[in-house]
Structure formats: structure tokens, C-alpha cells
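First up is the structure itself, then whatever we jot down about it.
The values are calculated or read from the model by the stated rules, or taken from the named source; none is laboratory data. Everything quoted here is computed from the prediction, not taken from an experiment. Here the Cβ is made from the backbone with ideal geometry for all residues, glycine too, and neighbour counts use every protein chain on show.
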Amino acid sequence: MDADRKGRREESPRQRLQGELRELRQLRAREGGARDRRTETVPGGPAPRSRLDQPRTGRPGLLTLPSYDPEAFGKLSERIARFLGTGRFIVWMTVVIILWVAWNTLLPDVVRFDDYPFIFLTLMLSLQASYAAPLILLAQNRQDNRDRVNMEQDRARSDRNIADTEYLTREVAALRQGLGEVATRAYIGSELGSLRAELQSLLKEIDDRREAPEAL
């Protein structure tokens with residue numbers, strides 16, 4: 001013990017600091033190993049949470065639904081709805097129906113797959129209509145959201161324009177009021193002319209008073 005104390009006393013401050021840093025690194029390494037052992041997954045058990053200071057993104061359940069991108073699905077629905085509202089879709093659908101009816105009425109019974117009253121064709125058209133209606137509604141909802149955002153932006157822009165117009169109106173009124181109080185060249189000239197006339201009249205009176213005693 002005495003020898004250890006003497007050795008520690010003989011150590012320089014730099015060596016002592018290096019020893020403390022080494023002990024701190026060893027302590028951190030042991031804590032990291034214990035944390036890794038605690039976070040190891042148990043076979044058949046739930047996966048550990050990577051961050052305990054953050055909430056879970058989703059609540060686990062018995063049935064996990066597939067995830068999708070709402071923005072990509074919305075764009076796809078808009079494309080489909082835009083195509084359904086064109087004349088090309090009507091022409092192609094008419095051609096397909098005519099070929100379907102002609103195939104199942106004019107060709108022999110061996111190659112027919114949907115005899116009159118064309119139940120399979122009716123089913124396909126009903127299926128197409130049942131999918132087209134929600135896609136069109138989804139596209140309309142997205143367009144309504146965009147229109148609402150555009151209306152809010154237009155309202156905010158109009159409010160800013162009104163505020164700017166009112167500010168400019170107040171500034172112009174202030175400038176007019178200030179210019180009304182500023183002396184113009186004509187006003188200064190008229191004032192100087194009146195002062196000169198008063199000075200001339202005063203000088204004339206003074207001269208008259210001087211000439212009056214001399215005459216007596």
C-alpha cells in the first residue's frame with residue numbers, strides 16, 4: 001500500500017490524467033456491453049425498442065395491414081379519373097363491347113364464352129363502375145383540397161394587397177398634408193413683396209418726419 005501511494009505521488013499530472021481517461025473508457029465499454037446484452041432479442045419474443053425516449057410509431061395488433069403511399073395512390077387515381085373522363089376511354093369501351101357481343105353472337109358455340117344475355121360482360125361493366133366511382137371521388141377530394149389551399153392563399157394575398165393599399169393611401173395622404181404645410185415659391189415671393197412694401201412705407205414715413213422739422 002505504501003509503495004502504491006509513493007508510486008502515485010511520483011506520477012506526473014499528465015500520467016495521472018491518462019490513467020483516469022483509460023479507466024473511464026473501460027467503464028464505458030463495460031456499460032455498452034451490458035446494454036447490448038440487455039437489448040438482445042429473445043427467440044419468439046417481441047423485438048426491443050431501439051429508442052426508449054421516443055413513442056412507438058404504430059400499435060402492434062393481430063392483423064397487420066399493408067402500408068401504401070397515399071400521395072402515389074392519389075396521383076394514380078387522378079390519372080385514372082382523368083382517363084375515364086376522356087373520349088378515348090368511351091371509344092375503347094364501345095369497341096370492346098361491340099367485339100364482345102359480336103364474338104359471342106356471330107361465332108360458333110364452341111368458341112363462345114359469354115352467351116346471351118351476356119352476364120359476364122354485365123359483371124365486368126359493374127366491376128369497372130364500382131371501381132371507377134371511388135377513384136373519381138378520391139380525385140375530386142384531392143382537387144377540392146387543392147382548391148381550398150389555393151383559395152386560402154388567394155385570400156391571404158388579397159389581405160396583404162389590401163393592407164399595402166391602405167398603407168400607401170395613408171402615406172400619400174401624409175405627403176399631401178406635409179406638402180400643404182410647406183411654403184411654396186409663390187407664397188414666399190408674396191410675403192417678401194409685402195415686407196418690401198411695408199419697409200418702403202416705413203422709410204418714406206421716416207423721410208417725411210425728417211423733412212418736417214427742417215421746413216419749420
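Yes/no per residue for (1) touching a His at 6+ places or on another chain (Cβ under 6 Å); (2) at pLDDT below 90; (3) of a type in the set (Asp, Glu):
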site	(1), (2), (3)
Ile98	no, no, no
Phe113	no, yes, no
Ile119	no, yes, no
Ser130	no, yes, no
Ile136	no, yes, no
Glu152	no, no, yes
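For first residues located in the stretch 127-139 and touching a residue at least 60 places away in the same chain (Cβ under 8 Å) and within 15 Å of Gly74 (Cβ to Cβ), partners that are assigned to a helix (DSSP H, G or I) and among the small types (Gly, Ala, Ser) and lie 6+ apart or on another chain with Cβ distances below 6 Å form the pairs Leu138/Ser77; Ala139/Ser77; Ala139/Ala81.
Looking at the stretch 175-192, is at least one residue of a type in the set (Gly, Ala, Ser), modelled with pLDDT under 85, surrounded by 10 or more Cβ atoms within 10 Å (Cβ to Cβ) and in a helix (DSSP H, G or I)? There is at least one residue in the stretch 175-192 that is of a type in the set (Gly, Ala, Ser), modelled with pLDDT under 85, surrounded by 10 or more Cβ atoms within 10 Å (Cβ to Cβ) and in a helix (DSSP H, G or I). Given the criteria touching a Leu at 6+ places or on another chain (Cβ under 8 Å) and on the phi < 0 side of the Ramachandran plot, does Ala132 qualify? It is true that Ala132 is touching a Leu at 6+ places or on another chain (Cβ under 8 Å) and on the phi < 0 side of the Ramachandran plot.
Annotation: Val111 fulfils all but one of (1) without any contact (Cβ under 8 Å) to a residue 24 or more places away in the chain; (2) in a helix (DSSP H, G or I); (3) not hydroxyl-bearing (Ser, Thr, Tyr); the unmet one is (2). Anything in the stretch 73-99 that is surrounded by 14 or more Cβ atoms within 10 Å (Cβ to Cβ) and within 26 Å of the chain's Cα centre (by Cα)? List them, or say none. Of everything in the stretch 73-99, those that are surrounded by 14 or more Cβ atoms within 10 Å (Cβ to Cβ) and within 26 Å of the chain's Cα centre (by Cα) turn out to be Gly74, Leu76, Ser77, Glu78.
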